[in-house]
Amino acid sequence: MEKKTSAVDYADFAEYDRRQRGIERHVLTAFLGGLVVGLLGMLVSDKGPVLLWDLYDPYVYLALSIVLGATSAGFGWALLTTFLATVSSLVAAMGGSALQGEFNIDVVGGGPAGMNVLLVLVVGLGMLGYLTRRDDIWGDLAAGGVGGILLADVIDRSTPGFIDSETTFWPGPAITVSLLTVAAVVALRRTTKGRLRALAATAVLAGALALLVLRAVS
């Protein structure tokens with residue numbers, strides 16, 4: 001009887017140890033991933049072509065947050081890792097520009113206001129990414145939320161007269177990001193029904209957000 005209890009206790013302890021090690025690796029990955037993304041962003045902003053920069057900022061930062069959220073062990077860990085990755089990427093980008101003799105706060109998000117918006121988007125999408133781990137309709141809606149927010153941003157940047165419209169964003173970067181967004185929504189769900197619901201939620205939310213932006217500028 002004691003041997004069975006010991007065996008069970010050891011198995012539970014081993015599982016707990018594996019879980020803790022997994023969390024540690026995830027936090028370290030978030031930190032290092034943020035550094036890499038931030039440093040590459042600094043290089044792309046200084047020396048990269050406009051097309052690459054349009055794709056990089058903010059979508060690589062957002063993609064990192066979604067992946068971290070979707071692979072987190074819990075809601076609190078998702079919040080921590082997405083915030084950690086965001087801060088490390090911002091510090092790396094601005095620190096890299098400072099080492100080159102040009103402290104440029106506009107290297108991420110286009111300026112202080114854009115950076116604040118990006119921070120909210122990154123953390124928010126990270127939380128939605130975590131919710132996509134659910135196998136029910138709430139997971140489908142979370143995946144739809146991820147796609148809707150990304151597509152709404154694409155519509156905003158590619159439509160003349162909107163808040164953040166950019167002449168260089170249409171058609172190449174806009175189409176590329178849109179296709180990648182649809183692929184990401186599909187990849188975040190495991191069943192055909194879930195994917196269809198997530199895509200429907202994506203379309204509805206993107207349209208609603210685009211209308212709100214239109215009203216704001218009209």
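W53 falls short on exactly one of the conditions (1) open to solvent by 30 Å² or more (accessible area, probe 1.4 Å); (2) modelled with pLDDT of 85 or more; (3) under 19 Å from V117 (Cα atoms), and that condition is (2). Cβ separations smaller than 8 Å between residues 6+ apart or across chains give the following pairs from segment 180-194 residues that are among the aliphatic types (A, V, I, L, M) to residues that are at pLDDT 95 or above and part of a loop (DSSP other than H, G, I, E, B): L188/T132. For A201, the conditions (1) under 24 Å from Y56 (Cα atoms); (2) touching a residue at least 60 places away in the same chain (Cβ under 8 Å) are fulfilled apart from (1).
Of note, V67 satisfies the criterion of being β-branched (V, I, T), surrounded by 17 or more Cβ atoms within 10 Å (Cβ to Cβ) and under 28 Å from D164 (Cα atoms). Within segment 28-42, being among the hydrophobic types (A, V, I, L, M, F, W, C) and open to solvent by less than 20 Å² (accessible area, probe 1.4 Å) holds for A30, V37, M42.
The values are calculated or read from the model by the stated rules, or taken from the named source; none is laboratory data. None of these values were measured; they are calculated from a predicted model. All Cβ positions, glycine included, derive from the backbone under ideal geometry; neighbour counts span all protein chains shown. Heavy atoms of the whole protein, side chains included, go into the accessibility calculation; ligands, DNA and RNA do not. Shrake-Rupley method; radii C 1.70, N 1.55, O 1.52, S 1.80 Å.
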